[in-house]
1. Considering each residue of region 135-161, count those that are open to solvent by less than 20 Å² (accessible area, probe 1.4 Å), within 17 Å of Ser204 (Cβ to Cβ) and not hydroxyl-bearing (Ser, Thr, Tyr), and give that number.
2. Can you tell me which residues in region 162-184 are farther than 18 Å from Leu123 by Cα, open to solvent by less than 80 Å² (accessible area, probe 1.4 Å) and not small (Gly, Ala, Ser)?
3. If you check every pair at least six apart or on different chains, which have Cβ atoms under 7 Å apart with a residue in region 217-238 that is among the polar types (S, T, N, Q) first and a residue that is open to solvent by 90 Å² or more (accessible area, probe 1.4 Å) second?
4. Tell me yes or no: at least one residue of region 176-191 is touching a residue at least 24 places away in the same chain (Cβ under 8 Å) and more than 30 Å from Asp45 (Cα to Cα).
5. Any idea how many residues of region 21-59 are in contact (Cβ under 8 Å) with a residue 40 or more places away in the chain, open to solvent by 20 Å² or more (accessible area, probe 1.4 Å), in contact with a strand residue (DSSP E or B) (Cβ under 9 Å, 6 or more places away or on another chain) and in a loop (DSSP other than H, G, I, E, B)?
6. Is it true that Ser196 is of a type in the set (Ser, Thr, Tyr), part of a helix (DSSP H, G or I) and free of Cβ contacts under 8 Å to residues at least 60 places away in the same chain?
7. When only residues in region 71-101 that are among the charged types (D, E, K, R) and in a helix (DSSP H, G or I) count, which is most open to solvent (accessible area, probe 1.4 Å)?
8. Got a sec? Which strands (runs of 3 or more DSSP E) wholly within region 114-192 have at least 1 residues that are over 25 Å from Ala50 (Cα atoms) and of a type in the set (D, E, K, R)?
Amino acid sequence: MSNNHLGQPIGFALPNWPGAVHPSRTPIRGDFAIIEPLDPDRHVDDLHTAFAADPDGALWTYMFDGPFQSKRELSSWLSRACETDDPLFHVIVDRATGKAAGLAAYMRIKPEVGVIEIGHITLSPALQRTSAATEAMYLFMKRAFEELGYRRYEWKCDSLNSASQRAALRLGFEYDGTFKQAIVYKGRNRDTAWYSILDRDWPSLKCAYERWLDPRNFDNEGQQRERLPELIAQSQADR
């Protein structure tokens, strides 16, 4: 908080706050993953194949849409999804295969106050628990903070989605609280758990990610030598 105003506490000043920038539809290239703006014509075949490895549709349990019973049904949804700028959908391409294997979107985009969310994260079985998946999350964050100038980067999920909550914490998000009875979707209630990363936390978090993604952090079998949460905790302690 900054100085009192008329005897009342007020937030710290942001002189000449310029606002952030709305994300563009341009790719982001990493060593393990490429983030590309969603193009149904280009990506539907890859995504249909990737999601077919989840025949029970468990990937879509906590999503507003899906599962999709056919490539035509998926294609129709992708065509609608790519028409909006908020959410702004991207695919995650695994550089090892050259195939699109997951989805994610910038959403609840508020450049005027510097807040943006990463959501609709749907990783196929082939992409889960891979360096490409982790790097993709890093690339989305890096663009939000460094290219676009956001102050707050959010992650939200159903409070019953334990996998998503574990992922948020592993990636360095801080738990902010739960909004009870926040949403009705698929005919059921959702209490929404909120997580965030702030711009002041980004420099140390970036350092941890880059140490984790360094090829020297992986042995000949591709197994990590140091875990990301440990590197994040160390970087935070060193601040």
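The values are calculated or read from the model by the stated rules, or taken from the named source; none is laboratory data. Everything quoted here is computed from the prediction, not taken from an experiment. Cβ sites come from the backbone with ideal geometry, for glycine too, and all protein chains shown count toward neighbours. The protein model used for the area step is the full one, side chains on, heavy atoms only, and it has no ligands, DNA or RNA in it. Shrake-Rupley method; radii C 1.70, N 1.55, O 1.52, S 1.80 Å.
1. Number satisfying all stated conditions: 3.
2. Phe173, Asp176, Thr178, Ile183
3. Close Cβ pairs satisfying both conditions: Asn217/Arg211; Asn217/Arg225.
4. Quick first cut of region 176-191, residues touching a residue at least 24 places away in the same chain (Cβ under 8 Å) only: 185-186, 190-191.
Then keep just the ones that are more than 30 Å from Asp45 (Cα to Cα); that gives 190-191.
Checked region 176-191: at least one residue is touching a residue at least 24 places away in the same chain (Cβ under 8 Å) and more than 30 Å from Asp45 (Cα to Cα).
5. 4
6. no
7. From region 71-101, those among the charged types (D, E, K, R) are 71-73, 80, 83, 85-86, 94-95, 99; that's our starting set.
In the following step, the residues that additionally are in a helix (DSSP H, G or I) were identified as 71-73, 80.
On the way: Lys71: 90, Arg72: 199, Glu73: 77, Arg80: 128 Å².
Residue satisfying both the conditions and the ranking: Arg72.
8. So the answer is 152-158, 174-185.
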